[in-house]
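What follows is one structure encoded as structure tokens, with my remarks underneath.
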Amino acid sequence: MDEILKYFPEITDLQRERFAAIGPLYKEWNEKINVISRKDIDNIYLHHILHSLAIARFLTPQENTTFLDMGTGGGFPGIPLAIMWPHCRFHLIDRIGKKIKVAQSIADEIGLTNVTTQHGDIGECRERYDYVVSRAVMRLDELVPLIKKNIKAKTQNALPTGLLCLKGGDLQDEIDKTRRPIIDVPLSDYFAEPFFETKQLIYVEL
């Protein structure tokens, strides 16, 4: 929790309560359903929650901005972003039913009313959103064709509609093959911890 307050000291009391609650909730769920690697669950705030919030350092969305979290797993990055941006709406989709169950349960338990979930494939989602967010689901050049149909033609935000993706490692080949306008931000620009030295935020304009 300290990692969140270090970089987002301006959050409200309600946001603090919700961020404080989700760490223990994920640990509790993880004992029943392996949503996060059991070796990594003790690092949930740094490796999963703060990592998700890198998108909140890159974008400040307008009211009623809509997000599709593609391949959300247990709710990352969607749940932390929904806490951070209560004025926006989030739809979380994943093919693994038990993981979506965890995401919905945690959203319900902390009182998030701006989150909906869907158990299914991205091909089953027909709605359009301002942005698609994703965390290391697949290669960029494979992901972009799948989610193009889910992107609105335009948005009220200064940043054009598109994909916001959290990834790590050498991404140059994926970026080259995507053939779209891209912004690549090293997360070490946002966060000082060594974990983020190899992590990146990729924005693809669509």
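Our helix-only sum for the chain, with -39,500 (n - 2.57) per DSSP H run of n ≥ 4 divided by its residues, gives a mean residue ellipticity at 222 nm of -9000 deg cm²/dmol.
Quote the Stokes-Einstein diffusion coefficient, in whole µm² s⁻¹, for the range 89-138, based on the Kirkwood radius over alpha carbon pairs, a temperature of 37 °C and a viscosity of 0.692 mPa s.
Result for D is 280 µm²/s.
Packing-based ranking of 43-49, 75-81, 156-162 yields 75-81, 43-49, 156-162, ordered from highest to lowest mean Cβ neighbour count within 10 Å.
Evaluate the relative contact order of the range 2-205 (contact order divided by residue number), counting alpha-carbon pairs under 8 angstrom at least 6 apart; express in whole percent. The partial results should precede the final answer.
Values: 343 pairs, mean separation 34.6, N = 204.
So the answer I get is 17 percent.
Hey, if you drop one equal point scatterer on each alpha-carbon of the chain and run the Debye formula without solvent, what base-10 log of I(q)/I(0) do you get at q = 0.09, 0.11, 0.15, 0.19 Å⁻¹? Those come out to -0.31, -0.47, -0.92, -1.56, one per q. One Cα centroid belongs to the range 137-206, the other to the range 76-128; the line between them spans 20 Å.
The string of couplings for the range 20-33 from the Karplus curve (6.51, -1.76, 1.60, θ = phi - 60°) is 5, 6, 6, x, x, 5, 5, 5, 5, 5, 5, 6, 9, 10 Hz, one whole number per residue in order, with x for Gly and Pro.
Any idea what the dipole of the range 2-205 comes to, in debye rounded to 20, about its Cα centre with Lys/Arg Cβ at +1 and Asp/Glu Cβ at -1? Present the calculation step by step, with values, prior to reporting the outcome.
On the way: 26 positive and 29 negative charges, 129 e Å.
Result for the range 2-205 is approximately 620 debye, rounded to the nearest 20.
R0 = 22 Å: FRET efficiency of K177 with K149, Cβ-based, nearest 0.05?
Working: r = 20 Å, r/R0 = 0.89.
Efficiency, from the Cβ-Cβ distance: 0.65.
Between A54, A192, A82, the residue with the greatest mean-square fluctuation in the GNM of the chain (Cα pairs under 10 Å linked by springs) is A192.
Amide H contacts for K152 (H built 1.01 Å from N in the peptide plane; partners 5 or more residues away or on another chain; cut-off under 5 Å): Y129, D130. For the pair E142 and T60, a Förster radius of 22 Å applied to the C-beta separation gives a FRET efficiency near 0.15, rounded to the nearest 0.05.
No lab work stands behind these numbers, since they all come straight from the coordinates. All values derive from a computational prediction rather than experimental measurement. With ideal geometry, Cβ positions are generated from the backbone for all residues, glycine too; neighbour counts draw on all protein chains shown.
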